[in-house]
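Before any comments, here is the structure.
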Amino acid sequence: MIRFARLLDSLIYSPSRNTKLRLLKDYFATTPDPARGYALAALTDGLEFRYVKSGLIRELVVGKVDPVLFELSYDFVGDLAETASLIWPAPAELPNNQSAPDVADVVETLQSASRGTAAKLLAGWFDRLDATGRWALIKLISGALRVGVSARLAKLALAEFGNIDVATIDELWHGLTPPYAALFAWLEQRGPRPVVDESVNFRPMMLAMPLEETELAGLNPSDFRAEWKWDGIRVQIIAKPGIRRLYSRTGDDIAAAFPNIVDALAFDAVLDGELLVRRADGEIGTFNDLQQRLNRKAVTVALSTDYPAFVRLYDILFHGREDLRSLPFSERRRRLEAWHGNVGAPVVTRFDLSPLIHFASWDGLRKRRIEDMPRSAEGLMLKRADSLYVAGRPKGPWFKWKREARTVDTVLMYAQRGHGKRSSFYSDFTFGCWRAGADGEAPQLVPVGKAYFGFTDEELARLDRWVRSHTVNSFGPVREVEPHLVVELAFDSVHRSTRHKSGLALRFPRVYRIRWDKPAAEADTLDALTRHIE
Amino acid sequence: MTHDATIDWIKPTPAGLYVAPGDFYIDPTRAVDRAVITHGHSDHARPGHRKILATRETLAIMEARYGADLLSERQALAYGELMTVNGVSVRLAPAGHILGSAQVVLEYGGRRVVVSGDYKRRPDATCASFEPQPCDVFVTEATFGLPVFRHPPDGEEIGKLLHSLKLFPERSHLVGVYPLGKCQRVIMLLRAAGYDAPIYLHGGVVSLYDLYRSHGVALGDLRLVANAAKADLAGAVVLAPPSALADRWSRRLVDPVTAMASGWMRVKQRAKQQGVELPLVISDHADWDELTATIAEVDAPNVWVTHGREEALVHLCKQQGRDARALAVVGFEEEGS
């Protein structure tokens, strides 16, 4: 527990991804089984305890300390897990030389505990840990670590630790369970590669390289097939008797959020497609509509009915036990169409085919891209007819030809210091657009988004100087600046959002150009930005 | 020992705590005729008083900091030495806060009042340890007066810094330290942990180290960042005032790990908010346990709390049957505590 606590403690303070990777690898290398395996499970959201809720923690603490002192402290600290861990009155000496609990003890004991014994167990462990240990314990058992490490990053660290490709971890992952002893043994070359039933496992997806239009001259149109790049969630469907899985691109099973899709998985195949939702008007919803459904462990009936989900199919990887990945794309497409034609109505209502776009020349395709692109697409996909289905992002077989980024002229409003190499630079910016004032009042700036990249080092140095000499207010690490500098932001799309004061949220905003020359009054209005909403 | 109904000869005033029969103030926040100074931090030791009384070390610190601006008539009083000012007996006792820091022990009309100034209870190689003085009125700070503040052992915290140096041997380790007291204490803790490499200093923390050396504090090999080559700073410990952490100055360092030595680092949210990557809970102030243990030890029936999180400490004292109140003394800062 002590090592685990130290790991979480370091992770929470480390802004850089490389540092986090290093800390994780160091932990895996220096911590024995099964503790490191349970820690890995916690980092990848693989642990759940039924009886431990924040109410239980609070109850425990208030039973131990003066309620007035607890409230004053909670008020000052502002976070329950942290207040509880800091204020817990650990005894100066422990009876019988008890030592700090091990992560494995905690996990294994708690998984089989009842609600009544859970409280008693926790109190005992709190006594045997220091404050950071208690904090880490509360994080471990409450299910959400929130230390800035995604499941993805944890797997990457694991792959680097074992000196293997992360795709291999992905292939094995869903056949393994905590504390992953066989996996660690293999990564440390002490044991064989774990044997899992790989037929139900996520297969790393094939991804496309962005297309530079100048590259087209060197490519023969007749070698390629084209289809729309739909703007939903790329998914892999694995269905066989007794198995129904819906994986996102990162290999997370998201089936729970889409029960209607899971109901329709009555076949034996592995498919590649785009998860989309349909709106009440029959149109395909935007990525934003889809987001309503993500990150939900359970989904309400209303959500399923208001935004019925379906999958638009791109590819077929397996049919029954037959691996089709080594067939060329054109042949796989034929097999996909044949499968879809025979599969039957209940499946077809939830799965349709992504249509191929016929074209004779690049100019012809370019014209279709501009004139015919559906609102729910974000560009075109070009796939070589002879391309095999391979993991990762090989250069050559598949290209994505995205629509042009949209841009908006915004005004720099706030700047915050970055981290690591950027820690002395104001490098994280908040930008705003003008909202027309009511009845002749002056227009007001409202924040529309944040951006951290898109500028060169020289531009960053100049921006930093600008921020320092135009600061009007400081709030902790944040500086408010004079509303004078226009920055053109590029973004992929804009959506309504209740989280932002402007009511709008930009997707993938980045700095496109700094308009040192342009007067702030000529920056865009919220109305202009609203017109980009799909 | 009795309750303070009868003790009215010392009271808070807008200029600070005033001892009426002796006609002097303790750590006054504005210029006065006569002042007793507990320690050299600038919010307690201000320039401009006509006469000051303090330990020899505190006077030396004030001279070093204020130079020619310090026009006051100075009188040094050693720990334990007794003097009488208009019938009030005055003695100084070590407070364990920084070099020269003292509690002011006052006796008048058969009652003893101890103004402890800022203090801590754990050992510090750069100053004499706190000596508890039983009294009728104990005047205490409460900078860390909440039960969430329990400073871990110093050695553990320094261990974190050494561990990070091992993990990131190519990065500079920039530690924010208050220039007077904290800076020298962190150096001594590093030396005690066996770290004998050169330690690099920002110009803002350099001025007092000759003074510490002349008072017998052996700080080892210290160098100025300004004179160092960039390569020397890779993997080195660099000490700077907290205000320099985010300053453009830090760009000369090598991919710095930003650390901060302060009692506030106990609260993770607070450390994270300041952009600190490596918080070190090293404080020159008493934590909750030290505050409550000290109050029990001096066993004063009256506790007056000068500054900090007074509410919780007053609550606790009242529960113990002590007469406690917050004096709400203004002008004492909490930065770098």
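The values are calculated or read from the model by the stated rules, or taken from the named source; none is laboratory data. Note that the structure is predicted; figures quoted are calculated from it, not measured. Methodologically, a virtual Cβ is constructed for each residue, glycine included, from the backbone with ideal geometry; neighbour enumeration extends over all protein chains shown. The accessibility values were calculated without ligands, DNA or RNA, using every heavy atom of the protein model including side chains. Shrake-Rupley method; radii C 1.70, N 1.55, O 1.52, S 1.80 Å.
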Any hit, the stretch B:240-258, residues being at negative phi, more than 14 Å from every other protein chain (Cβ to nearest Cβ) and surrounded by fewer than 23 Cβ atoms within 10 Å (Cβ to Cβ): yes
Going residue by residue through the stretch A:485-501, is there one that turns out to be closer than 25 Å to A:S14 by Cβ, of a type outside the set (A, V, I, L, M) and at pLDDT 85 or above? no
Taking the condition surrounded by 24 or more Cβ atoms within 10 Å (Cβ to Cβ) and within 16 Å of the chain's Cα centre (by Cα), does B:S101 pass? yes
Here are B:G275, B:G308, B:G321: which of them is on the phi > 0 side of the Ramachandran plot and touching a Pro at 6+ places or on another chain (Cβ under 7 Å)? B:G275
Those residues that are open to solvent by 50 Å² or more (accessible area, probe 1.4 Å) and away from chain B (no Cβ under 12 Å), I need them from the stretch A:460-478; list them, please. A:R462, A:S469, A:V472, A:N473
For the stretch A:236-261, what are the residues that are over 22 Å from the mean Cα position of the chain (by Cα) and either of a type in the set (V, I, T) or outside the structural domain of A:I316 (by TED's automatic domain parsing) (or both)? A:I243
Mind listing whichever residues of the stretch B:44-68 are open to solvent by less than 10 Å² (accessible area, probe 1.4 Å) and either hydroxyl-bearing (S, T, Y) or out of contact with any strand residue (DSSP E or B) (no Cβ under 8 Å at 6 or more places or on another chain) (or both)? B:H44, B:T55, B:T58, B:I61
Do we find that B:T294 is more than 10 Å from chain A (Cβ to nearest Cβ) and hydroxyl-bearing (S, T, Y) in this structure? yes
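The rows are residues; the columns are (1) out of contact with any helix residue (DSSP H, G or I) (no Cβ under 9 Å at 6 or more places or on another chain); (2) open to solvent by 30 Å² or more (accessible area, probe 1.4 Å).
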residue: A:Y180; (1), (2): no, no
residue: A:L183; (1), (2): no, no
residue: A:R190; (1), (2): no, yes
residue: A:L216; (1), (2): no, no
residue: A:D223; (1), (2): yes, yes
Selection count where residues are closer than 30 Å to A:A415 by Cα and either open to solvent by 70 Å² or more (accessible area, probe 1.4 Å) or assigned to a helix (DSSP H, G or I) (or both), scope the stretch B:224-239: 4
Answer yes or no: is there a residue in the stretch B:70-83 that is of a type in the set (D, E, K, R) and touching a residue at least 12 places away in the same chain (Cβ under 8 Å). yes
Testing A:P101 on (1) surrounded by fewer than 19 Cβ atoms within 10 Å (Cβ to Cβ); (2) closer than 21 Å to A:Y38 by Cα, one condition comes back false. Which one is that? (1)
Restricting the stretch A:50-70 to residues that are under 17 Å from A:L110 (Cα atoms) and of a type in the set (V, I, T), which is farthest from the other protein chains (Cβ to nearest Cβ)? A:V52
Counting only residues that are in contact with a Phe, Trp or Tyr (Cβ under 8 Å, 6 or more places away or on another chain) and surrounded by 20 or more Cβ atoms within 10 Å (Cβ to Cβ), which one in the stretch A:129-154 is nearest to the other protein chains (Cβ to nearest Cβ)? A:A131
Residue list for the stretch A:7-49, restricted to those being more than 19 Å from the chain's Cα centre (by Cα), away from chain B (no Cβ under 11 Å) and charged (D, E, K, R): A:D33, A:R36, A:E48
Between a residue in the stretch B:145-160 that is at the interface with chain A (Cβ under 8 Å from one of its Cβ atoms) and among the aromatic types (F, W, Y) and any residue that is assigned to a loop (DSSP other than H, G, I, E, B) and open to solvent by less than 20 Å² (accessible area, probe 1.4 Å), which pairs come within a Cβ distance under 6 Å, given they are 6 or more apart or on different chains? B:F149/B:D287
Tally the residues that are at the interface with another protein chain (Cβ under 9 Å from one of its Cβ atoms) and assigned to a helix (DSSP H, G or I), restricting the search to the stretch B:259-287. 7
Any chance you could count how many residues in the stretch B:168-201 are under 20 Å from the mean Cα position of the chain (by Cα), open to solvent by 10 Å² or more (accessible area, probe 1.4 Å) and not hydrophobic (A, V, I, L, M, F, W, C)? 2
If you go through B:V114, B:V32, the only one that is of a type in the set (V, I, T) and farther than 27 Å from B:K182 by Cα is B:V32
If you check A:A104 against the conditions, is it more than 14 Å from every other protein chain (Cβ to nearest Cβ) and within 34 Å of the chain's Cα centre (by Cα)? yes
Tally the residues that are open to solvent by less than 10 Å² (accessible area, probe 1.4 Å) and at the interface with chain B (Cβ under 7 Å from one of its Cβ atoms), restricting the search to the stretch A:71-85. 3
